Amino acid sequence: MGKAVRNNYGKGLTGICVICLLVMFFLNCDFEAYANNDLYIYNSVLNPSQQRVYNQVYENILTFNEAVFRLNVPLTHEDLYITMNAVYNDHPELFWVSTSYKYGYNSHNMVIQMKLNYCIPKSSLAAATIAFNNAIDNIVTQAAAYPTDLERERIVHDMICDLSTYANTNKSHQSAYSALVEGCSVCAGYSRAFQISCQKLGITCYYVTGIANGEEHAWNIVKIGGNYYNVDVTGDDTINETLNTYSYQYFNVSDTAIAHNHVRSALSAKLPVCNAL
């Protein structure tokens with residue numbers, strides 16, 4: 001990629017660790033509220049060029065492409081950043097890809113090529129996929145035994161808390177794999193694990209980025225009984241580990257109730273409003 005290569009490593013290019021930059025990038029973007037898209041809500045606000053790259057990146061992740069590839073359409077640095085966040089926020093099932101990446105740009109400062117990074121080696125992907133699917137199936141099977149979405153959601157919440165401890169010691173800590181299989185994760189891993197488990201149960205669930213207690217953070221929004229709620233599994237598990245109990249302080253709460261220490265990023269501000277009943 002030559003000297004034009006720019007390495008977008010650092011504090012998590014996507015997901016949770018660049019909220020200040022993310023806010024800066026998005027404050028000038030005139031986005032409408034997200035469409036009612038139960039799975040790919042972030043994709044719904046991308047422009048056609050961003051969507052073309054979104055689809056291209058998604059396909060390259062599926063094929064585990066480790067080589068440099070040329071973008072179908074050049075994007076600005078900000079547009080690529082928006083697009084990559086959309087891919088990762090929409091697709092918790094892509095557990096093997098890292099949320100950092102490298103890209104190259106031309107003399108007009110347009111991004112024309114990129115290279116994906118992976119948190120799980122290709123040689124380990126088959127075994128990791130089996131472990132990942134088994135972990136999700138175990139949660140879904142136990143949760144599905146309950147009659148209502150609210151009960152099922154609570155089982156998902158509790159099981160993820162049981163499975164994982166808060167730590168960023170593993171390479172895949174931004175991935176649902178870390179929470180579901182490796183047993184230690186950070187908020188991104190907890191939130192993606194909750195997102196995919198709920199989705200498998202047919203519960204609408206979105207990945208949210210923002211600031212909590214002054215630090216970059218991730219949590220979820222779920223739709224239960226026709227209403228949207230915030231859920232911060234990481235916040236509850238932190239209390240669990242401290243008090244050796246099950247906490248529901250951040251389970252199905254309104255925006256007003258969580259606003260004292262949670263603020264959505266500009267990217268996630270367009271997600272549905274969570275109102276108290």
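Every number here is computed from the coordinates shown, using simple stated rules; none is lab data. Model, not experiment: these values are computed from the prediction. No Cβ is skipped: glycine too gets one built from the backbone with ideal geometry, and neighbour counts run over all protein chains shown.
Beyond 13 Å, what percent of the Cα pairs of region 175-215 remain?
Of all Cα-Cα pairs in region 175-215, 54 percent lie more than 13 Å apart.
Put simply, the C-alpha atoms of the chain give a gyration tensor, and the ellipsoid matching it has half-axes of 30, 21, 17 Å, longest first. Taking amide H as placed 1.01 Å from N in the peptide plane, SER268 has its amide H under 5 Å from the amide H of THR209, each at least 5 places away in sequence or on another chain.
Counting other Cβ atoms within 10 Å of each Cβ, which trypsin sites (Lys or Arg not before Pro) in region 81-130 have at most 11 and sit in a DSSP loop?
Working: sites: LYS102, LYS115, LYS122; in loops: none.
Counting only loop positions with at most 11 other Cβ atoms within 10 Å, none of the trypsin sites (Lys or Arg not before Pro) in region 81-130 qualifies.
Any chance you could give the angle, 0 to 90 degrees and rounded to 10, that helix 233-243 forms with the longest Cα principal axis of the chain? Rounded to the nearest ten degrees, it is 50. Calculate, for ASN275 and GLU93, the FRET efficiency according to 1/(1 + (r/R0)^6) with r their C-beta to C-beta distance and R0 41 Å; round to the nearest 0.05. After rounding, the FRET efficiency stands at 0.90.
Taking amide H as placed 1.01 Å from N in the peptide plane, the amide H of SER164 sits under 5 Å from none that are at least 5 places away or on another chain.
Taking R0 as 35 Å, what's the FRET efficiency between SER123 and ASN168 from their Cβ-Cβ distance, rounded to 0.05? Don't jump to the answer; show the numbers that get you there.
On the way: r = 24 Å, r/R0 = 0.69.
That pair, SER123 with ASN168, gives E of 0.90.
Here the Karplus curve 6.51 cos²θ - 1.76 cosθ + 1.60, taken at θ = phi - 60°, turns the phi angles of region 70-81 into couplings of 8, 5, 4, 8, x, 10, 5, 4, 5, 5, 5, 4 Hz, with x standing for Gly and Pro.
The angle between the Cα long axis of helix 48-62 and the longest principal axis of the Cα atoms of the chain comes to about 70 degrees, rounded to the nearest 10.
Once Lys and Arg get +1 and Asp and Glu get -1 on their Cβ, which of GLY226, PRO121, SER164 lies farthest toward the positive end of the dipole of the chain? Positive-end residue among those listed: PRO121. The phi torsions of region 179-185, fed into the Karplus equation with coefficients 6.51, -1.76 and 1.60 and a -60° offset, translate into couplings of 6, 7, 10, 7, x, 8, 7 Hz, rounded to whole numbers, with Gly and Pro shown as x.
Between helix 187-200 and the chain there is an angle of about 70 degrees, using the helix long axis and the longest principal axis of the Cα atoms. Put simply, the amide H of TYR105, placed in the peptide plane, has neighbours under 5 Å in ARG6, ILE112, leaving out anything fewer than 5 places away on its chain. The simple spin-label model puts a point 7 Å past each Cα toward its Cβ; for ALA144 and THR63 those points are separated by 3.3 nm.
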